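Read the figures in this text as sums done on the coordinates, not as results from a lab. Bear in mind the structure is a predicted one, so any value in this text is a computation, not a measurement. With ideal geometry, Cβ positions are generated from the backbone for all residues, glycine too; neighbour counts draw on all protein chains shown.
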Amino acid sequence: MKMPTKAELLKLQKRYHTDKRIAEALGGNVTEHLVQYWRRKKGIPHRTFPKYSEQQIREIWERFGDDFRCGQELGLSKAGFYSWRRKYGIKEKPKALKLEQLELRFGSESKRVRNGVVVEYYLTAAGKILAEAASQDRVEFGEEIEVIPDLVLVGEKSERYANLKPSKKTDDKFRRVVSSPASTQFNGGNPGSVFTLLEEGEILPNKLVLYAGTNAGGLAAVSALTIPVDDAELGNLLKTGRCKVHSPKVIRITLEGRLQKGVAAFDIFSYAKANLDPDILDGMIIEYTGTVVEKLNMYERVSLCHLTQLSGAMCGYVVFDETTRRFLSKRTQSSYKVNFSDSKAYYHKDFVLTLSGLEPQIVSSSDHNNSFCVSSETEIGDISRVFIGGPCGGSYDGMKQVSDIFRSAGRLSVPFYISPISERAYLKALKKKILVPVVESGGIVLPPGFDLPDIPGFDPDTDETILSTPISGLADSPKNLYFVNHITAASSAIEGRLQALGR
């Protein structure tokens, strides 16, 4: 008999388990020893039977819905049971609430010690950062607290910040940053962009960053907390180094599943926002976690946090993990403390979104609370202009993806512009020559930090349909502007019409 292929052998092994039963199924002159020989030739190991079956793990998970309590049933640790769940791909919470899962958590519980009963509090990572900045053990939702920030960022574009100067107490924490390259810079100075601070390792985990006159929401990608302050508090902040803020509620969004090719952080956030209550983000801190977030590179996380802040949330931040550690290890030698949310921490809302099968999305500037699949949007005709920039495409990784798409493209018939997120990203792109295919195709490379309105001669009234990656406020954009991810924008520039990658 002809030797089966590796795929055929694996299929037989999955169905019959043992070499003996495989031989019996094949019949003829096939023996158990011959099946063993085939396995060795194809590099297929002997099948071993797991200690716990998928049915056992799934049944216990449906009963308790908690790794710790499930592990207790089997004599395993919390991490041990979690490993078994991951092995069988059981990631979603049980759909039906069982009696065993009725364990209410209010963020605190009594704990008896030798001298009596004390209360032990469980906090989110954001709650720990705010409590530490306020020199308190904990903070209550809605409580007005006085905090000492680790960094204060002030945008130079608005005139109302021009005469503000930090005192000696706050001078080392104060940074003036560029909000737009078209703006006038102060006293011949050369302030850097918000994202230059990130690339230079000045933004670290567990830090409280307050900002005004600029959009610094993306900095929370490294597990920092970024909170905007108003004019009334800014003057006092620069004089005393202290500021009053209201402790916001915290919402956790867990993103699970496997992303398709051509899907970016923009699509993740657009889909999440469209499937949640439109007002749920307003004034909240959003904690992002889950297997999808773990696989995002740092600048996709920056994009996710940037979009969260643009949409009305106080801050969106990503929990610290190995990706964060590797990113920071290349940029700073400073030591830093990392706060993680307690397993029993209280969240105002807790959402789980499964993103398997998610397609690239498109969002209209006239209805930025809803998103639609690019493949289903047939009413949009020819594209008149395409712009890529900011955190949702202007990073080095984003520009490299765009360059790879343009590498085999011919001459573009649609005006195309790309702006790096920072000078550092621009210089790296020049050294690596990744922008050459863009220029060869007829695209225009703008200075770092440009937004769509900064393009010389740009008039939205003369364009029919504009595609762009979002940088500034979504609601104030021209009505003929549509937001897409940078991969879709590049693909559409080649086609001259709305087109997702590979579709």
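Some notes on this structure:
- Cα radius of gyration and Dmax for the chain (Å): 26.7, 92
- Dipole magnitude for the range 361-495: computed about the Cα centre from +1 point charges on Lys and Arg Cβ and -1 point charges on Asp and Glu Cβ, it is near 860 debye.
- The chain - mean residue ellipticity at 222 nm from DSSP helices (-39,500 (n - 2.57) per run, n ≥ 4, rounded to 500): -9000 deg cm²/dmol
- Beta bridges assigned by DSSP with both partners in the range 361-495 are antiparallel in approximately 30 percent of cases.
- Here the residues 298, 3, ranked from fewest to most Cβ neighbours within 10 Å of their Cβ, fall in the order 3, 298.
- Peptides 129-135, 33-39, 330-336 ranked from most to least packed by the mean count of surrounding Cβ atoms within 10 Å: 129-135, 33-39, 330-336.
- Peptides 368-376, 412-420 ordered by packing proxy, namely the average of other Cβ atoms within 10 Å per residue, highest first: 412-420, 368-376.
- For residue 499, the residues whose amide H sits under 5 Å from its own are 492, ignoring neighbours fewer than 5 places away on the same chain, with H placed 1.01 Å from N.
- Listed by chain and number, the aspartates and glutamates whose alpha-carbon sits under 17 Å from that of residue 42, ignoring those within fewer than 8 places in the same chain, are 8, 19, 32.
- Rounded to the nearest 20, the Cβ-based charge dipole of the range 421-503 about its Cα centre (Lys and Arg +1, Asp and Glu -1) stands at 640 debye.
- Flagged links, alpha-carbon separation over 28 Å, of 6/78; 173/330; 78/244: 6/78; 78/244
- P(r) weight above 15 Å for the range 382-452, C-alpha pairs, percent: 46 percent
- Judged by the gyration tensor of its Cα atoms, with axes a ≥ b ≥ c, the range 361-495 is prolate; a/c meets the 1.5 cut and a/b is the larger of a/b and b/c.
- Of all beta bridges that DSSP places with both ends in the range 127-354, some 10 percent have antiparallel geometry.
- Sequence ranges 304-311, 431-438, 244-251, ranked by mean other-Cβ count within 10 angstrom, highest first: 304-311, 244-251, 431-438
- Dipole magnitude for the chain: computed about the Cα centre from +1 point charges on Lys and Arg Cβ and -1 point charges on Asp and Glu Cβ, it is near 2900 debye.
- Local electrostatic count at residue 381 - Lys and Arg +1, Asp and Glu -1, tallied over other residues with Cβ under 9 Å: -2
- Toward the positive end of the charge dipole of the range 127-354, with +1 on the Cβ of Lys and Arg and -1 on the Cβ of Asp and Glu, the farthest Cα among 257, 243, 218 is that of 218.
- Fewest-first ordering of 387, 327 by other beta carbons within 10 Å of each residue's beta carbon gives 327, 387.
- Hz values of 3J(HN,Hα) by residue in the range 237-246 - Karplus curve (6.51, -1.76, 1.60), Gly and Pro given as x: 5, 6, 7, 9, x, 10, 8, 9, 9, 9
- When the Cα positions of 394, 457, 380 are compared along the charge dipole of the range 361-495, 394 comes out farthest toward the positive end, with charges on each C-beta of Lys, Arg, Asp and Glu.
- Pairwise centroid distance, computed over Cα atoms, of the range 245-297 with the range 399-441, Å: 29 Å
- DSSP bridge orientation in the chain - percent antiparallel, rounded to nearest 5: 30 percent
- Across 295/433; 128/207; 51/87, pairs whose alpha-carbon gap is larger than 19 Å: 295/433
- Furthest towards positive pole of dipole, 195, 310, 283, structure part the chain, Cβ charges: 195
- Backbone geometry of the range 417-430 corresponds, through the Karplus equation with coefficients 6.51, -1.76 and 1.60 at θ = phi - 60°, to 3J(HN,Hα) couplings of 10, 9, 10, x, 6, 7, 5, 5, 5, 5, 5, 5, 5, 5 Hz, x marking Gly and Pro.
- Surrounding net charge for residue 337, when Lys and Arg each add one and Asp and Glu each subtract one, Cβ distance under 10 Å: +1
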